[in-house]
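Participant: A single structure is presented below for examination.
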Amino acid sequence: MPQAPDTALAIGRPRTNVFKSVSRSLGAVFSVARRDPYAAVGLVIYAGFALIAIFADQLIHNDPLEILFTPDYDLARNLPPSQDFWLGTTYSGRDIYSQLIMGTRSALIVGLTAALCVVAIGTVIGLISGYFRGWVDTLLMRIADIALGVPFLPFVIVLAAFLQPSQWNVVIGIALLLWPNSARVIRAQVMSLRERAFVEAARVTGAGPWRILFIHVAPNVLALSFLYASVAVGWAILTEASISFLGFGPSDTVSWGYMLQDAYASQALGRGQYYWFVPPGLCIIAIVVAGFFISRGYEEILFPKLKA
Amino acid sequence: MSALDTNTPDAPLIDVQGVSRRFDLNRSMGDILKGRYPTVDAVSDVSLSLRRGEAVGIVGESGCGKSTLGRILVKLIPPSGGHVVFDGEPIAGMDRKRELAFRRRAQLVFQNPFDALNAHFTIRRSLYEPLHNAKIPVEEHEERVAEAIRMVHLPTAEHILDSYPHQLSGGQLQRIVLARALVLRPEFIVADEPVSMLDVSVRAGILNVFRQIQRDMGLAAVFISHDLALVRYVCERTITMYLGTVVEDGPTSDVIANPLHPYTRALVAAVPVPNVDQSHDPLPIKGGIPDARNPPSGCRFRDRCPLAEARCASERPVLREVRAAHKVACHFVD
């Protein structure tokens, strides 16, 4: 071989950076926001709620579950918005503003963990199903069909009856029932990726199936996973609100659904206490819509041909 | 079986014996109602062998099974019939350890460089990946990558190593694809149309690099192409395939100067030649490539062949040696 002088060719070893592809996919979210105004709005709303959730302890004025009294030792019941109680108080004398702030935290915790579970399960199953095909694929996809066929709210309610009422029931319910959607889409994507030359290249150099799947194929479907995650966040928050509104939620954690249920049971509408139930309703709408805005813009870079 | 002749120096490095590959096709509603399972024979009863350091070109129209054959040779697709013996050992049914040993020695260069590299890997990562997969000792990695980069003449390598594939040109990418195969220091390489996706202006550079490496390293190489002119430039031996079968196999100079099979004659006549004095009798072939699902009986070329007679429909011609080292599968050549 021609012995060229080794001109200090700085080869260096590749740094195995696990976060690289994740951050590249996340980076795409921000680049979308620059191009798509809807996505930008969605991202701003999310950032706002995230800040509120993080600094909730500093923002609240009272413990959201504490029963409050006026200076003359009356129960601070059904007070209208004022200097002390920005959004008034509930029938049982609790500070609505503090409940709203604390509700943000539980909404985000439920939404994000549920989305994480959905995407983790959906991605792994989609990868395995699409890559191995055959009976593995048939088995997993039939399980997916069953999961899709289970009615959603009754399942979560039954789950809450079996386990202690807790916001984690919603997370478990969402994770168990919502993964098939992302699994199916990722499976289809993997089926086309596995025929690509770079996968053949990995095989011909001796990579085993699991390495091909998780090192070579997975980074190429991560963007799709994030798309499904942003939709799942909204679903989880809506479901949590529904469960709490129906009265199957935990009584020791304040959430927006819990506030709506409390307002409904105390006949807030009849007394015209709009400041009680409108803010949590608006918050639910805002965060769900923000999720859809982000996924909308994200979808546009993933599937540019879909643009009408 | 052929484990005995590995000691003789002229023993083939790779020996293909009667290899076929049948693919299942999607069943149409009509097929299901009639209980049919449509299949296509991409490769049908192919035998050939390669010595160490020998460069063989495989030419043929698209769909003639040359890429499938190439993938069978590097154990990416299992043959449905026949077997491939590499250095005395059948490549089917290897355990993981033997398979890795085979993978280190036999490599593939891809047609489309834009698709052959993982878009999420830096070039550096792509070059180290085979070493990791094939379990090469870690202390050799850096040296091997540097060596491969030198061999493919990749200028400004330091800059390129941290790039992602979409930032580079087709010519650069194809050099990297070649380097990725070379880091394992293979003895046998299959190049599947390595320049067909490239601009004409960069083809010559890649071809020169490929030819030089093949000679310097003494690689046994299979160069798949639909372009006889490229094969002539790189390979000393040429095989012509038609509809999954080998119709001619001989020294490149003989095959081009004196093609024996009517199909090869048509291929050679179709190569644009700048020299007006050099002329072959243009042998007209009729029609297009037939439906691979229903190939003609007997000789697969007969329905397009100007020489075809009744015998061609009933009897499949066997590949036989009619000149020195020059084989052909046709009833009418002797």
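Participant: Which pairs turn up if I take residues in the stretch A:31-44 that are assigned to a helix (DSSP H, G or I) and look for partners that are at pLDDT below 75 with beta carbon separation below 6 Å, at least 6 apart in sequence or on another chain?
Facilitator: Matching pairs, first to second residue: A:Val32/A:Ile301; A:Ala39/A:Val32; A:Ala39/A:Ala33; A:Ala40/A:Ala33; A:Leu43/A:Ala33.
Participant: Do we find a residue being more than 27 Å from B:Glu140 (Cα to Cα), in contact with a helix residue (DSSP H, G or I) (Cβ under 9 Å, 6 or more places away or on another chain) and outside any loop (DSSP other than H, G, I, E, B) anywhere in the stretch B:184-191? Before the answer, list the steps.
Facilitator: Within the stretch B:184-191, the first condition is being more than 27 Å from B:Glu140 (Cα to Cα), and the residues that meet it are none.
No: the stretch B:184-191 contains no residue that is more than 27 Å from B:Glu140 (Cα to Cα), in contact with a helix residue (DSSP H, G or I) (Cβ under 9 Å, 6 or more places away or on another chain) and outside any loop (DSSP other than H, G, I, E, B).
Participant: On to the next question. So for the stretch B:315-322 (the condition being touching a Pro at 6+ places or on another chain (Cβ under 9 Å) and surrounded by 15 or more Cβ atoms within 10 Å (Cβ to Cβ)), does at least one residue qualify? First the steps, then the outcome.
Facilitator: First, pick out the residues of the stretch B:315-322 that are touching a Pro at 6+ places or on another chain (Cβ under 9 Å): none.
Within the stretch B:315-322 (the criterion being touching a Pro at 6+ places or on another chain (Cβ under 9 Å) and surrounded by 15 or more Cβ atoms within 10 Å (Cβ to Cβ)), the answer is no, since none of the residues qualifies.
Participant: Taking the residues in the stretch A:139-187 that are in contact with a Pro (Cβ under 7 Å, 6 or more places away or on another chain) and farther than 19 Å from A:Gly247 by Cβ as candidates, determine which candidate is surrounded by the fewest Cβ atoms within 10 Å (Cβ to Cβ). Write out each step before concluding.
Facilitator: In the first step, residues of the stretch A:139-187 are kept if they are in contact with a Pro (Cβ under 7 Å, 6 or more places away or on another chain); the result is A:144, A:147-148, A:165-167.
Now drop any that are not farther than 19 Å from A:Gly247 by Cβ, which leaves A:144, A:147-148.
Numbers: A:Ala144: 20, A:Ala147: 17, A:Leu148: 14.
This residue is A:Leu148.
Participant: Tally up the residues in the stretch B:123-135 that are at the interface with chain A (Cβ under 7 Å from one of its Cβ atoms) and either among the hydrophobic types (A, V, I, L, M, F, W, C) or more than 28 Å from the chain's Cα centre (by Cα) (or both), please.
Facilitator: Going through the stretch B:123-135 one residue at a time, the tally reaches 1.
Participant: Does A:Pro64 qualify as being touching a residue at least 60 places away in the same chain (Cβ under 8 Å) and not acidic (Asp, Glu)?
Facilitator: Working: touching a residue at least 60 places away in the same chain (Cβ under 8 Å): yes; not acidic (Asp, Glu): yes.
Spelling it out, A:Pro64 is indeed touching a residue at least 60 places away in the same chain (Cβ under 8 Å) and not acidic (Asp, Glu).
Participant: Moving to a separate point now. Looking at the stretch A:152-189 only, could you name the residues that are outside any helix (DSSP H, G or I) and over 19 Å from A:Ala115 (Cα atoms)?
Facilitator: Start the filter on the stretch A:152-189 by keeping residues that are outside any helix (DSSP H, G or I), which leaves A:163-166.
A:Leu163, A:Gln164, A:Pro165 - these are the residues of the stretch A:152-189 that are outside any helix (DSSP H, G or I) and over 19 Å from A:Ala115 (Cα atoms).
Participant: Of the numbered conditions (1) of a type in the set (Val, Ile, Thr); (2) under 18 Å from A:Ala197 (Cβ atoms); (3) within 10 Å of chain A (Cβ to nearest Cβ), B:Val138 fails exactly one; give the number of that condition.
Facilitator: All conditions pass for B:Val138, except number (2).
For (1) facing chain A (nearest Cβ under 9 Å); (2) among the small types (Gly, Ala, Ser); (3) surrounded by 19 or more Cβ atoms within 10 Å (Cβ to Cβ); (4) outside any loop (DSSP other than H, G, I, E, B), each residue gets a yes or a no:
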position	(1), (2), (3), (4)
B:Gly63	no, yes, no, no
B:Leu69	no, no, yes, yes
B:Leu76	yes, no, no, no
B:Met94	no, no, no, no
B:Arg103	yes, no, yes, yes
B:Leu108	yes, no, yes, yes
B:Phe121	yes, no, yes, no
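Participant: Hey, which of the helices (runs of 4 or more DSSP H) in the stretch A:190-271, taking only ones fully inside, have at least 2 residues that are over 25 Å from A:Phe162 (Cβ atoms) and more than 14 Å from chain B (Cβ to nearest Cβ)?
Facilitator: Working: elements: A:197-204, A:218-245, A:256-265.
Passing ranges, in order: A:218-245, A:256-265.
The values are calculated or read from the model by the stated rules, or taken from the named source; none is laboratory data. All figures in this text were calculated on a predicted structure; none of them were measured in a lab. As a convention, Cβ positions derive from the backbone with ideal geometry for all residues, glycine included, and neighbour counts pool all protein chains shown.
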